[in-house]
Amino acid sequence: MDEGEREKQCFYTCRCYLTDNIFLEDYRLHVRYVTEQQFRADHQQVLRSRGCLTDEHFDEVLQKIAQEVERRQSLNIESAERTAAIRQGYRPLHPHLYHLQESFLAPGFLQIVAYCRSSGADQEGLLGMLQSEAAPRVFGLAVFTRTFCRELLEELEHFERSPAPKGRPNTMNNYGMLLNELGLDEGLTTPLRERYLGPIASLLYPDCGGRCLDSHKAFVVKYDLREDLDLSYHYDNAEVTLNVSLGKDFTGGNLYFGDMKDVPLGDTECSEVEHRVSAGLLHRGQQMHGALPIAAGQRWSLIVWMRASRQRNRRCPMCSQTPSLVRGEGFADGFTDGVGDEEGARNASCVLT
Ligand SMILES: O=C(O)CCC(=O)C(=O)O
Ligand SMILES: [Fe+2]
């Protein structure tokens, strides 16, 4: 999609954003809240088994849910306010990072992308160029140079120290930042997805929307002994995810991957994956995964949740229903009104499952 088309495209969220996948950190549980009666019927038993035993505990849970729903309701306005404040008051440390250059990208990555763009490229040929699978359909590849990773981390720490307002990256991570608010989306993550990651995802994940990625949410997550230590088992609001380890020095913090989210937990075996600094990992967003606690140091990762509207317009990856659309800001949650999907799918031969 070129600049002109992107301007015309409106993106949406699914209404389930206000009711589903509410994460209760104390009980490591994702819940759905529509009414108290439904909530009790669906979750009270498992909450009890995880230590929510008294009325006070239960009231606390209800309060946490109300707070989270309120946060989600005011997200658009608050994000727009933060973006405006950052644009006005924040001075980047490394302004050159805000515009993607090929010199940011690892030479091996450029070779892989050149192959994927070439006529006659196929999945087998690409797999031959990648390291062996770190876990089923999880691929490790250096995306950026070490210099780029170091400079991006310096930029992020500079931003963290600044008085500029910071948004929380997602429902589960409390520390980190949103790249669109920092102004890194237009010049950096959008061209990275469109020109470089798209051709790779087309060959690796054609069955999961990899051929028609048309938006993303990019953010950085941060783990520190005094902040978040780990990340519970989850799936992403994404069709394809890129995770790049930016640093700093840390021990622990390995990732683990299970099966796709529809596979019962009892049938799943997890594989642990070491995530070395400056390495990238590509995986399907709907493949369950988590991060083990760090034991020392600080861990920062760049996460790009890439979305394919033609895939998610049929089934919301978060509530697994036909999405109920609410107009959003920017890329929102990557849904579109679907006009032109049929023709677009024919032109782009976007294979859907
Ligand atoms: O900590 C990590 O590297 C994983 C983060 C993650 O899975 C996510 O933010 O969706
Ligand atoms: Fe994730």
The answer for Leu24, listing residues at least 5 apart or on another chain whose modeled amide H is closer than 5 Å to its amide H, is Leu29, His30, Val31
Can you give me the long-range amide H partners of Met172? Hydrogens built in the peptide plane at 1.01 Å from N, cutoff under 5 Å, separation of 5 or more residues or another chain.
none
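Taking all pairs of different Cα atoms in segment 127-204, averaging 1/r and flipping that mean, what Kirkwood radius in angstroms comes out?
Working: mean 1/r = 0.0666 Å⁻¹.
One decimal place: 15.0 Å for the Kirkwood radius.
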Between rounded, prolate and oblate, where does segment 1-124 land on the alpha carbon gyration tensor, with a ≥ b ≥ c its root eigenvalues, rounded for a/c under 1.5, else prolate if a/b exceeds b/c?
prolate
For the ranges 61-67, 213-219, 276-282, what's the packing order if you count other beta-carbon atoms within 10 Å of each residue, average per peptide, and put the highest first?
213-219, 276-282, 61-67
How big is the dipole moment of segment 96-307 about its Cα centre under a simple scheme where the beta carbon of each Lys and Arg is +1, that of each Asp and Glu is -1, and everything else is neutral? Debye, nearest 20, please.
340 debye
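Which order do the peptides 92-101, 116-125 take when ranked by the mean count of other beta-carbon atoms within 10 Å per residue, highest first?
Most protected by this proxy first, the peptides run 92-101, 116-125.
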So the compactness index of segment 61-209, its C-alpha Rg divided by 2.2 N^0.38 Å, takes the value 1.27
Post the alpha-carbon centroid distance, segment 285-345 to segment 51-66, in whole angstrom.
29 Å
Sorted largest first, the C-alpha extents of the chain along its principal axes in whole angstrom are 62, 46, 43
Close Lys-Lys pairs in the chain, where close means Cα under 23 Å and separation is 8 or more or interchain
9
Along segment 9-26, what does the Karplus equation 6.51 cos²θ - 1.76 cosθ + 1.60 (θ = phi - 60°) give for ³J(HN,Hα), rounded to whole Hz, x for Gly and Pro?
6, 9, 10, 10, 10, 9, 4, 5, 4, 8, 10, 10, 6, 8, 8, 9, 4, 4
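Each value in this text was obtained by applying a stated rule to the coordinates, not by laboratory testing. Please read all numbers here as calculations on a predicted model, not as lab measurements. Neighbour counts run over all protein chains shown; Cβ positions are idealised from the backbone, glycine included.
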